[in-house]
Structures are given as C-alpha cells and as structure tokens.
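Enquirer: Before I ask anything, let me first share the structure, which is written out below as structure tokens.
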C-alpha cells in the first residue's frame, strides 16, 4: 500500500492487521530514507537505529521471507517518498500494489501540525504518481474510506483478489508491537481509535495556513491524476 503521510494510512494498516490471516509491516524503508537523505524528522535517530538501512536487505525480506502459519496476506504500509531513486524497483514487481490518496488540503493541514514547512518531496505525491505509472493497482481515496468504510474495504479487497473480512471494520485501541518507533510522534489519533471515523463537515476541506497555498497548487495535479483511477466505492 503506497501512500503519503497523514492519509489515514495507519488506520488502514490497523484494519488489515485485525484480520487473522494477515501480518503487517510499518514503513520498512523509513530508516533507509532518513539515513540516505539526512533529513531531520521527529525521532530521527531512533528510527534509523530501529530498522535495517540497506534497502536490498529490506526488499529481500519483504518479498521472500516466509509468512507465519495460517497467514496468507502480507500487508506492507509504505510511504512513497521512502522509495528513493537508488532503489531497484524491479524487486517489487511481483507484489500486488495499491494506493491510498488524500485531498491535499486536508493532507497539508494535518502534516503541518506535526512537521512545519513541508515540501512537495515530503508529501510523496510525485513519487506516488510515478509508482502508479510503473505498477498500477487500485486507488482508494481516504475520504471515501472514512465516509463508507465497509464499501471502501470491500471494493479494495475485491480489486486485490482477497476476501473481505468484517474484522477490518474495527480494532482494539492502543499501540501495537508492529508500530514503528516513530508512533509516539505521529500515531496519537490512531492509537485512540477503534475504527474509521467520518470526517466532520461537507465539501472540500479547508486548509488553515495560507502560506501553504503555493504548495497546494503543486500537489493538486498529482492528486487529481490519481483520483481519475479511484475505486468506485459509493456506486
């Protein structure tokens, strides 16, 4: 599952992890990304120390490690911007790919509350569009997921060729052993959650900071390009 930050991606990971036939991986390329770029993210040193930094080792594990007994689905939550140009994407060709998008107005308002002055590269939309062009796969808009969770999850499962499970609709609150060490900085809301909560209000979301308007203008073409391929959730 390829997404950018603040796209309800962790809640979607919770939904899959709540299935008895599924194990999950939380942003397995994050350490590689930070170590390679030198960027300063919350908990940077902890993140780098917590994971394998060599992308070759990471991808080998993601594509060849055996699954635990009774598990048939390996759900991998990826941030698109973690897939730097130095990574050989051919290793990912045998996987089924899906994409989670979010209106950039909501995305920017949420992201700026955790990390100030984001850039287009931080948000992963350019990379997401490129990964979609290379691999294809179902595209799910987080607005649809929040508005109609069961319909959205049924559509996603059908597109991926796996059975829907009602266990995906709710989960126990709290942290998970599978959460990355960055969870205290980013996962407050999802740790309190027990399911998908519809966003309040109607229409296009408002973006609080006018200073982010130029960045919004950069984001919108990529979002709209991906939106043309979204799953039909609402009929």
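What follows is calculated from the coordinates using simple rules that are stated; it is not laboratory data. In this text the structure is predicted, and so the values were computed from the model without any measurement. A quick note on method: Cβ atoms are made from the backbone with ideal geometry, for glycine too, and the neighbour counts reach across all protein chains shown.
Enquirer: If you consider only alpha-carbon coordinates, what radius of gyration and Dmax does segment 2-227 have, in Å?
Expert: For segment 2-227, the Cα radius of gyration and maximum Cα-Cα distance read 16.8, 51 Å.
Enquirer: What is the calculated FRET efficiency for residue 86 to residue 114, with r their C-beta to C-beta distance and R₀ = 25 Å, to the nearest 0.05?
Expert: Values: r = 26 Å, r/R0 = 1.06.
With a Förster radius of 25 Å, E is 0.40.
Enquirer: Now for a different question. For the chain, what is the calculated [θ] at 222 nm in deg cm²/dmol (nearest 500), taking -39500 (n - 2.57) for each run of four or more DSSP H residues and dividing by its residue count? All intermediate terms of the calculation are to be shown ahead of the outcome.
Expert: Values: 12 runs with 99 residues, N = 235.
Value at 222 nm, helices only: -11500 deg cm²/dmol.
Enquirer: Once you have the Cα-Cα distance between residue 61 and residue 218, take 0.36 nm times their residue separation minus that, and quote the gain in nm to one decimal. Write out the running numbers ahead of the final one.
Expert: On the way: separation 157, 0.36 × 157 = 56.52 nm, distance 3.49 nm.
The span from residue 61 to residue 218 would gain 53.0 nm if fully extended.
Enquirer: What is the distance in Å between the Cα centroid of segment 2-66 and that of segment 115-173?
Expert: Measuring centre to centre over Cα atoms gives 16 Å.
Enquirer: Could you check which residue among 125, 156, 92 shows the biggest mean-square fluctuation in a GNM of the chain with a 10 Å Cα cutoff?
Expert: Per the Cα network of the chain with a 10 Å cutoff, 92 tops the list.
Enquirer: Taking all pairs of different Cα atoms in segment 1-128, averaging 1/r and flipping that mean, what Kirkwood radius in angstroms comes out?
Expert: Working: mean 1/r = 0.0645 Å⁻¹.
Computed over Cα pairs of segment 1-128, the Kirkwood hydrodynamic radius comes out at 15.5 Å.
Enquirer: Separate question: Compute and list, largest first, the equivalent-ellipsoid semi-axes of segment 97-140 from the alpha carbon gyration tensor, each √(5λ) rounded to a whole angstrom.
Expert: Values: eigenvalues 102, 26, 8 Å².
Equivalent-ellipsoid dimensions as semi-axes: 23, 11, 6 Å.
Enquirer: Oh, and also: For q = 0.16, 0.23 Å⁻¹, what log10 I(q)/I(0) does segment 99-206 give under the Debye formula with an equal point scatterer on each alpha carbon and no solvent?
Expert: Computed log10 I(q)/I(0) values: -0.99, -1.48.
Enquirer: Run the quick spin-label model on residue 229 and residue 147: label points 7 Å from Cα toward the beta carbon, then report their separation in nm to one decimal.
Expert: With each label placed 7 Å out from Cα toward Cβ, I get 2.2 nm.
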